[in-house]
Amino acid sequence: MISNSARPRRLRNLKWAREMFRETRVTAGNLVYPLFVVPGKKIKKEISSMPGCFHLSADEAVVESENCRALGINAIILFGLPSKKDPLGKEAYNPKGPVPEAVRLIKRAAPDLGVITDVCLCEYTSHGHCGVVKKAPGGNFAVDNDLTVKLLVNMALAHAAAGADFVAPSDMMDNRVGAIRQALDGAGFAQTGLLSYAAKYSSAFYGPFREAALSAPQFGDRKSYQMDPANFLEALREVELDIMQGADIVMVKPALAYLDVLRAVKDRFNFPTAAYNVSGEYSMVKAAADKGLINEKAMVIEILASIKRAGADMIITYHAREAAKWLRDYGDKEEMTAMEKR
Ligand code: PBG
């Protein structure tokens, strides 16, 4: 009779074996770094709710993009803050707005860096909702889905014309993926990809972002278009619809509180899958690190590994730049986490 009782630990005991048999490896190449682009020149202003993240003018976004590329990061995603807001979010589809401008400059400076653009009206509307708002019976309001989809199509076309590799609708209106796909194909942008925020939850984890993007709704909330955090099956339906409508990559957002959803999406659809490690997840780590409560490097690598382990090929994260630097200096070797052991 052979005793196998010590077998699992014989591999764990040895550092080289731990490294050799590690199942999940996060690399800089899996990460996407979000940039917030503002009008103007030579602007780099730290965002108070998200330490280490900045409002950048297009020229500064170019510098940041080149830094990302040098660190092995494969793509960035751009959010825009317009010079003025109105109820229809007109600046969102202005081909001269900060995002198209940044896309053009970044593509020129770093042609092999992936450029993705967020497509949503909330940063551009005066009321802060992701779509056009109309009054509904009983003093309520409703988002006009179909009119919003038309405006989102215009926005996606402006980004594609500027040279974006992927457009990423994050508004959660119905049928926007199909409408954008059709419009892109019709306008000669068949090569422009579609990253869909397919299962996007109505989440408290977006708090710091709304300060960064000045996009908090002025009244009401986003529950009528974003998903109920308690729902799992609905996420699978949302993902299926977006795949049928032509999405190239489907995303689950936020990441950490929804790793079960992410795993199920990957298993069920076997499709290119992304996860968004959102602002609240980022700022919690930063706040805890600032208080000396955690080992930040170890925690960030653990978080990113958990998201990849759950099924994400692509991870959008505000930690991308620092994580890429740590991975460059230490690989996924244990020296990194040992460095600052508490
Ligand atoms: C726009 C959008 C949001 C985020 C990404 N795109 C905010 C929201 O839906 O309220 C959140 C990103 C983050 O929290 O990091 N709709």
| field | Sequence ranges 149-160, 267-278, ranked by mean other-Cβ count within 10 angstrom, highest first | value | 149-160, 267-278
| Residues Phe36, Phe232, Phe54 arranged by fewest to most Cβ contacts within 10 Å | Phe232, Phe54, Phe36
| Three-way shape label, the range 24-341, alpha-carbon gyration tensor, a/c 1.5 | rounded
| Dipole of the chain, positive end: most advanced residue of Gly114, Phe21, Ile73 [Cβ charges, Cα centre] | Phe21
| remark: Expected max-MSF residue from Asn140, Asn231, Asn94 in the GNM of the chain (alpha carbon, under 10 Å) is Asn140
| Quick one: length gained pulling Asp86 to Ala289 fully straight, 0.36 nm per residue minus the C-alpha distance? | 69.2 nm
| message | List the GluC sites (Glu not before Pro) within the range 1-78 that DSSP assigns to loop and that have no more than 14 neighbouring Cβ atoms inside 10 Å. | response | Glu23
| task | Could you check what % of the DSSP bridge pairs in the chain are antiparallel, to the nearest 5? | result | 15
| field | For the chain, calculated [θ]222 nm from helices alone, where every DSSP H run of n ≥ 4 adds -39500 (n - 2.57) | value | -12000 deg cm²/dmol
| query | What are the aspartates and glutamates whose alpha-carbon lies under 16 Å from the alpha-carbon of Lys297, with same-chain residues fewer than 8 places away excluded? | reply | Glu281, Glu322, Asp329, Asp332, Glu334, Glu335, Glu340
| Lys253, Lys266 arranged by Cβ crowding within 10 Å, fewest neighbours leading | Lys266, Lys253
| Sorted from fewest to most neighbouring beta carbons within 10 Å, what does the list Met50, Met244, Met314 look like? | Met244, Met50, Met314
| task | Place a +1 charge on the Cβ of each Lys and Arg in the range 110-182 and a -1 charge on the Cβ of each Asp and Glu, then give the dipole magnitude about the Cα centre in debye, rounded to the nearest 20. | result | 300
| task | Answer with one residue from Asn154, Ile303, Pro229: the one whose Cα lies farthest towards the positive end of the charge dipole of the chain, charges on Cβ with Lys, Arg +1 and Asp, Glu -1. | result | Ile303
| said: Would the range 73-116 count as rounded, prolate or oblate if I go by the C-alpha gyration tensor, calling it rounded below 1.5 in a/c and otherwise prolate when a/b exceeds b/c, oblate otherwise? | reply: prolate
| Across Lys134/Lys200; Lys107/Lys266; Lys253/Lys308, pairs whose alpha-carbon gap is larger than 25 Å | Lys107/Lys266
| remark: The FRET efficiency for Lys223 and Leu11, from their Cβ-Cβ distance with R0 = 45 Å and rounded to 0.05, is 0.45
| task | List the trypsin sites (Lys or Arg not before Pro) within the range 189-237 that fall in a DSSP loop (any state other than H, G, I, E or B) and whose Cβ has at most 15 other Cβ atoms within 10 Å. | result | Lys223
| query | Lys/Arg Cβ at +1, Asp/Glu Cβ at -1, dipole of the range 24-341 taken about the Cα centre: which of Ala324, His55, Val177 is farthest positive-ward? | reply | His55
| said: Over the chain, with a Gaussian network built from C-alpha contacts below 10 Å, which listed residue (Asp171, Asp221, Asp313) shows the highest mean-square fluctuation? | reply: Asp221
| said: Give me the net charge for the shell around Ile243: Cβ to Cβ below 12 angstrom, other residues only, Lys and Arg +1, Asp and Glu -1. | reply: -1
| task | Run down the aspartates and glutamates and flag those whose C-alpha is under 14 Å from the C-alpha of Lys84, throwing out any fewer than 8 positions away in its chain. | result | Glu123
| said: Let's test the formula: R0 of 30 Å, r as the Cβ-Cβ distance of Ser3 and Asp313. What FRET efficiency results, to the nearest 0.05? | reply: 0.15
| field | Estimated dipole of the chain in Debye, rounded to 20 [Cβ of Lys and Arg +1, of Asp and Glu -1, Cα centre] | value | 760
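None of the figures in this text is laboratory data; all of them are computed from the coordinates on show. Just so it is clear, the model here is predicted, and its values are computed rather than measured. All Cβ positions, glycine included, derive from the backbone under ideal geometry; neighbour counts span all protein chains shown.
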